[in-house]
There are 2 protein chains.
Amino acid sequence: MKKLINDPARVVEESLEGFGLAHADVVTVHPDPLYVVRADAPVRDKVGLVSGGGSGHEPLHVGFVGRGMLDAAVPGPVFTSPTPDPVAAATVAANGGRGVLHVVKNYTGDVLNFETAAELADAEGVEVRTVVVNDDVAVEDSLYTAGRRGVAGTLAVEKIAGAAAERGDDLAAVADIAERVVANVRSMGVALEACTVPHAGTPSFELTEDEIEVGIGIHGEPGRHRRAMAPADEITEMLTNPVADDLGLAAGDDVLLLVNGMGGTPVSELYVVYRHARRLLESRGARVTRSLVGSYVTSLEMQGASVTVLRLDAETTALWDAPVHTVALRW
Amino acid sequence: MKKLINDPARVVEESLEGFGLAHADVVTVHPDPLYVVRADAPVRDKVGLVSGGGSGHEPLHVGFVGRGMLDAAVPGPVFTSPTPDPVAAATVAANGGRGVLHVVKNYTGDVLNFETAAELADAEGVEVRTVVVNDDVAVEDSLYTAGRRGVAGTLAVEKIAGAAAERGDDLAAVADIAERVVANVRSMGVALEACTVPHAGTPSFELTEDEIEVGIGIHGEPGRHRRAMAPADEITEMLTNPVADDLGLAAGDDVLLLVNGMGGTPVSELYVVYRHARRLLESRGARVTRSLVGSYVTSLEMQGASVTVLRLDAETTALWDAPVHTVALRW
């Protein structure tokens, strides 16, 4: 294992220390308990948005803290859920007096720990609503999940619900918008090469020189099947068609197409995937009206990509377009 | 070799086709000869900025085309200079009537081809000035270079000169600002793992499980030395100290610190490097007043990072802060 780290046990803290120093205009890193908040938190009379989960998926979630998106993010150890205490502390720190929405990726540990944190925050007088993201169409239940996993679609939930909170929606309305995004977003990923968790020291799984894992999870959980390497267009079809089918994509639908890198994939390859995924969606009569291409929901240095499709309406399009000022998304 | 590509001979074209589809609001991809221009090019009465070079370093340069930065970028084949014809065509397309600045990384092929392109553009009535970027302190001459190589510091030249052009500076003034950035920027990189050029099919070089290459070039050219893997802080010192020494960094200097990923390195590791690089600069009495952390000047999926330090003054700071609207940099 060769990584630009010092002590594997301190990699999350050291990385966040650098993150806080580099971006003090946008975020504040609270060291103990460990969470990241908007530099101007709490924002009075705004619903707060809090997310989090295991580290190793950066820029998710810490890179999405800032105006128009998250008020706080809680990073656990690599690929391991944060405990309830920091989540509760972040929830209180994010509360501007109108309650807090928890955006939780559907993994058993995350769901349980955010639930306990919501109870702790409630005891401190903070009203909490929760939305669970489960956009991965690859498998129903998996290694760490009852039901579908939450993956790159989480970015869209955080962006759009964050914009709703920013324009002044109340907690129920922000939660409704978030649920509407969850209902309309689907994803699927592929791995070409595994990643290595620092404290483990060896790759999470092994693929031979000619193998890929279709339907990979963002922690390296098994997907639908292993198969032989194939040209990008063929792989893009393996990802895009199940996503479009599951979404019930229809002619005339407007969609956001997100092609996401898993951390170790050159952005040039993501555009090769985007090109064909767009063509596939258009061949079904859909219109790709918004696009995002880059490594946003990663698995350390895993090589691979995922395709996410979000069916848009006029309101979610406007909320997607609304200004955002975070480290990783800014417009 | 496992890559998300179809035909290795068509990877640049297919990737740029996707890039153009995804970002039609910002750029137009001109297919033959192949170059990328601002969607609103040419911008009347503004000095044009054109850069380019071998592909494989994305988002450099195509991701830096847009308001406040480049007017056009010319991508060659992977790690291979573009020929003079597309550079000349892009130069004409970028000319708004006040001439064009060529920003050229110091590689023999790029320097020669941009020189010929400048003559061709001149024959069409476009005045061209050229600035050559040579920020890499690792080696004096190298595999593809007489003199130092141009690496991640190129981003700073393009951003700051682009802002000078945007505010209305004339060609001589934009060239002067660009030269001032070149004079004040230094970089050095390290590789943990090599990358594979698609048409070659095998890694550019080999590092054992415990080896790193200090002073690596962005095409995998040899650096200063190979040595055993070390903790991130120690590697950060190997990069930052030569950069600061060569720059003659003095107490009281204001600097931009750019920690750049080579393509296959998780952003979390870049922040571990940033944290210690910043500390090293501050221990010399410098103030890190601007920061950028991410994979901006890459070598396909190479694992590693580079440290770039730019000495700032009031004017270059203001130009760095000026609005920019490109695919890869936006504020």
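Every number here is computed from the coordinates shown, using simple stated rules; none is lab data. These figures come from a predicted structure and were not determined experimentally. Glycine also receives a Cβ, built like all others from the backbone with ideal geometry; neighbour counts cover every protein chain displayed.
Structure values in brief
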| quantity | calculated |
| --- | --- |
| Bridge type composition, chain B - antiparallel percent by DSSP, nearest 5 | 60 percent |
| Rounded to 5, percent antiparallel among DSSP beta bridges of the range A:185-319 | 75 percent |
| Shielding by other protein chains, A:260-266, mean Cβ within 10 Å | 6 |
| Evaluated at q = 0.07, 0.09 Å⁻¹: base-10 log I(q)/I(0), Debye formula over Cα of chain A | -0.25, -0.42 |
| The range B:242-248 - phi-based ³J(HN,Hα) in whole Hz, Karplus 6.51/-1.76/1.60, Gly and Pro as x | x, 5, 5, 4, 5, 6, x |
| Average beta-carbon neighbours from other chains, 10 Å sphere, peptide A:18-29 | 4 |
| Residue of B:GLY66, B:GLY220, B:GLY252 that the Gaussian network model of chain B assigns the largest fluctuation, springs spanning Cα pairs under 10 Å | B:GLY252 |
| Qualifying GluC sites (Glu not before Pro) in the range A:170-277, DSSP loop, other Cβ atoms within 10 Å at most 12 | A:GLU206, A:GLU209 |
| Value of Rg/Rh across the range B:185-319 [Cα atoms, Kirkwood radius] | 0.99 |
| Estimated [θ] at 222 nm from DSSP helical runs (n ≥ 4, -39500 (n - 2.57)) normalised by residues in the protein assembly as shown, nearest 500 | -10500 deg cm²/dmol |
| Fraction of beta bridges assigned by DSSP in the protein assembly as shown that are antiparallel (%, nearest 5) | 55 percent |
| 3J(HN,Hα) from dihedral phi, the range A:192-203, Karplus parametrisation 6.51/-1.76/1.60, rounded to Hz, x for glycine, proline | 9, 9, 6, 10, 10, 6, x, 6, 8, x, 10, x |
| Cut-off under 5 Å, modelled amide H: who pairs with B:ARG227 long-range | B:ILE212, B:VAL214 |
| Chain B: most fluctuating residue of B:PRO231, B:PRO198, B:PRO77 per GNM, C-alpha cutoff 10 Å | B:PRO231 |
| Length-normalised contact order for chain B - Cα pairs under 8 Å, 6+ apart - percent | 18 percent |
| Contact order relative to length of the range A:190-312, as percent, for alpha carbon pairs under 8 angstrom and 6 or more apart | 32 percent |
| Zone residues, the range B:261-290, relative to B:ALA251, backbone N less than 17 Å from point 7 Å out along Cα-to-Cβ | B:280-288 |
| Label geometry 7 Å along the beta-carbon vector: B:ARG224 inter-copy distances in nm | 5.0 |
| Distant-in-sequence amide H partners of A:LEU49 (H built 1.01 Å from N, under 5 Å) | A:ASP71, A:ALA72, A:LEU101 |
| Compactness relative to 2.2 N^0.38 Å, alpha carbon Rg of the range B:78-122 | 1.10 |
| Dipole magnitude of the protein assembly as shown, debye to nearest 20 (Cβ charges: Lys/Arg +1, Asp/Glu -1, about Cα centre) | 720 debye |
| Average partner coverage of B:297-304, which counts Cβ from other chains inside 10 Å | 3 |
| Three principal axis lengths of the range A:226-284 [C-alpha, angstrom, descending] | 34, 23, 16 |
| Alpha-carbon centroid distance for the pair the range B:215-283 / the range B:175-214, whole angstrom | 12 Å |
| Residue-wise HN-Hα coupling along the range B:267-272, computed from phi with Karplus coefficients 6.51, -1.76, 1.60 (Hz; x: Gly, Pro) | 4, 4, 6, 4, 6, 5 |
| Spread of Cα-to-Cα distances over 10 Å intervals beginning at zero, given as percent, for the range A:40-164 | 15, 49, 31, 5, 0 |
| For A:THR298, residues with placed amide H under 5 Å, excluding near neighbours | A:GLU58, A:LEU60 |
| Convex hull of Cα atoms in the protein assembly as shown, direction-averaged projection (nm²) | 25.5 nm² |
| Where the Cα pairs of the range A:96-193 fall when distances are cut into 5 Å bins, in % | 3, 13, 22, 21, 20, 12, 6, 3, 1, 0 |
